[in-house]
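A.B. asks: Please see the structure below; I have some questions.
The values are calculated or read from the model by the stated rules, or taken from the named source; none is laboratory data. Note that the coordinates shown come from a computational prediction; the quantities given were computed from them, not determined experimentally. Virtual Cβ from ideal backbone geometry, glycine too; neighbours counted across all protein chains shown. Protein only, heavy atoms only, side chains kept; ligands, DNA and RNA dropped before computing areas. Shrake-Rupley method; radii C 1.70, N 1.55, O 1.52, S 1.80 Å.
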Amino acid sequence: MAQEVPARGSILGKCLPARYVLAILGSIGMAIIYGLKVNLSVAMVAMLNHTAIGHSSHDAPLLIVDNTTSIVTAATVDEVEICQSPDAETNGTTTIQDGPFIWSEPLQGTLLSCYFWGYLVSQIPGARVAENYSAKWVMLFSVAINVICTLLTPVLTKAHYVGLIAMRVLEGIGGGATFPAMHCMIAAWAPPNERSVMSTIIYVGTSFGTAISILLAGLLSGSYGWESVFYVMGGLSCIWMLLWVILVQDNPNKQTFISLEERQMITSQLGTMQAEGAPAKEEHPPVPWGKVLTSVPFLAILIAHCCSNWGWYMFLIEIPFYMKQVLAFNVSSNAVASALPYFPMLIFSIILGKTLDALKAKQKITTTIARKTATSIATVIPGICLLSLCYIGCKHTAAVVLMCFGIIGMGGMFSGFLSNHIDIAPNYAGTLVALTNTAATLPGIIVPLFVGFITKGNQNINAWRIIFFVTIVLFIIEFLVFVIFGSGEEQSWNKRTVSKDTERADQDESTPLKPTTVTTPSKNNGA
């Protein structure tokens with residue numbers, strides 16, 4: 001590692017602690033990644049030629065009733081249930097918003113899912129590079145590749161849809177490395193008593209970026225055309241890259257914009273204070289793969305993560321299409337309604353986490369009960385909301401309210417199974433997260449393909465009931481598996497084996513041990 005860089009004691013370092021500069025820029029970086037991830041699901045509504053696609057589907061005609069665009073929501077015209085757009089003018093007329101591309105439903109699903117092809121393969125390699133070299137530059141690369149691909153998207157999409165596929169796969173490769181990189185940054189910068197706060201600030205950017213992207217993409221595509229979504233959002237993200245390079249370093253010892261007091265406080269608490277030379281190398285004990293992969297609590301997290309991600313991607317990617325196909329929202333109203341629940345979800349998830357932590361601190365509940373309670377909230381509430389959506393018909397306001405409550409309820413996952421890795425094995429929490437998140441990426445690939453297959457020539461409420469019922473069943477599986485088999489207790493295989501050399505050194509009381517940079521988390525860390 002590089003030698004310690006002198007602290008400048010700058011105005012920035014005195015007014016705003018360097019660790020919170022990292023947290024804020026990290027949050028914005030995660031918001032950019034998630035914003036560029038979901039913008040296509042909204043922009044595609046404006047990119048498609050719905051009239052041509054509707055006419056090419058003989059089983060699902062687009063009906064024009066009294067000059068008002070309507071969607072067939074029953075299997076046959078004899079049993080038709082028509083939802084009129086809530087934005088239709090009083091004279092009963094509205095204009096169909098058509099784009100240039102005639103893409104079938106299966107192709108639409110492919111375009112939406114191909115992001116996860118790259119995301120699936122880059123998480124573990126990204127984690128290794130971030131741990132062994134530089135998390136700062138891994139994060140910069142992740143955002144940079146997303147920005148470049150976003151700016152190139154309009155040109156390559158007009159050339160051929162294969163160009164769009166290539167850009168989305170590359171964006172996924174960059175996006176997959178972001179969580180491992182930010183985990184490394186948090187480990188190097190966050191004092192133990194501030195780790196939860198800094199993690200919350202950073203990862204709340206994922207939901208904030210989702211909300212802003214959905215809203216901004218809808219407004220831009222509705223007012224200035226679908227191309228503006230990619231040019232504006234990609235261009236604004238370039239500002240972040242400049243700030244990240246200048247203001248952020250991998251650890252406090254490399255940072256110049258930091259006060260000496262803050263540096264000493266962080267490094268002393270983390271055990272990374274440099275003396276005369278470079279710090280000792282961190283030891284990375286081998287992962288007990290056999291015990292991990294046969295651990296019941298770990299497998300419960302794995303199943304819960306996969307089932308939850310199916311529901312999460314259903315809300316994140318497919319609900320805009322449900323609102324267009326069934327409820328007949330136009331692109332701007334669609335974006336506003338789709339973005340609406342993410343802001344209260346941020347507040348709810350923070351309040352829930354703090355409440356459970358407070359109850360644990362007072363010994364009112366155990367860690368196991370806290371994780372199971374939060375996961376139950378994240379499954380029961382969305383499941384009930386999806387079930388209700390199947391039978392409310394064309395009640396637009398009720399549909400939006402149900403969608404909001406469903407997404408807000410899913411915020412419980414942050415205090416539930418997503419926090420459970422560090423409970424059961426703090427020494428291997430990074431590896432466990434990489435394993436479950438990689439497996440849980442598969443729903444992101446399958447969901448758009450599944451929805452495209454079900455709705456091909458069948459864009460009505462009956463098709464969406466099938467989609468919602470499958471999601472409800474997976475929520476039930478997640479609930480039962482985690483409540484029955486989940487645990488908040490540290491597992492025996494998490495204990496590190498003490499080497500003979502270390503044991504002899506410990507027995508030699510006459511020889512003082514030098515401080516080491518290795519920090520072994522306790523089982524209460526991150527709870």
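A.B. asks: Could you go through region 420-429 and let me know if any residue there is open to solvent by 20 Å² or more (accessible area, probe 1.4 Å), within 26 Å of Y115 (Cα to Cα) and either of a type outside the set (D, E, K, R) or free of Cβ contacts under 8 Å to residues at least 24 places away in the same chain (or both).
C.D. replies: As a first pass, look at region 420-429 and keep what is open to solvent by 20 Å² or more (accessible area, probe 1.4 Å): 422, 427.
With within 26 Å of Y115 (Cα to Cα) added as a condition, the list becomes none.
Within region 420-429, none of the residues are open to solvent by 20 Å² or more (accessible area, probe 1.4 Å), within 26 Å of Y115 (Cα to Cα) and either of a type outside the set (D, E, K, R) or free of Cβ contacts under 8 Å to residues at least 24 places away in the same chain (or both).
A.B. asks: Oh, and also: I'd like the full set of residues that are modelled with pLDDT of 90 or more, surrounded by 20 or more Cβ atoms within 10 Å (Cβ to Cβ) and outside any helix (DSSP H, G or I), limited to region 249-303.
C.D. replies: Result: Q249, S295.
A.B. asks: Among I466, I484, I446, which is open to solvent by 30 Å² or more (accessible area, probe 1.4 Å) and closer than 25 Å to T355 by Cβ? Working first, answer last.
C.D. replies: Values: I466 fails: closer than 25 Å to T355 by Cβ; I446 fails: closer than 25 Å to T355 by Cβ.
Answer to the check: I484.
A.B. asks: Let me ask something additional. Kindly establish whether T368 is farther than 20 Å from T471 by Cβ, part of a helix (DSSP H, G or I), of a type outside the set (D, E) and out of contact with any His (no Cβ under 8 Å at 6 or more places or on another chain).
C.D. replies: Yes; evaluated as a whole, the condition is true for this residue.
A.B. asks: Would you call G452 at pLDDT below 85, open to solvent by less than 40 Å² (accessible area, probe 1.4 Å) and in a loop (DSSP other than H, G, I, E, B)?
C.D. replies: On the way: at pLDDT below 85: yes; open to solvent by less than 40 Å² (accessible area, probe 1.4 Å): yes; in a loop (DSSP other than H, G, I, E, B): no.
In short, no.
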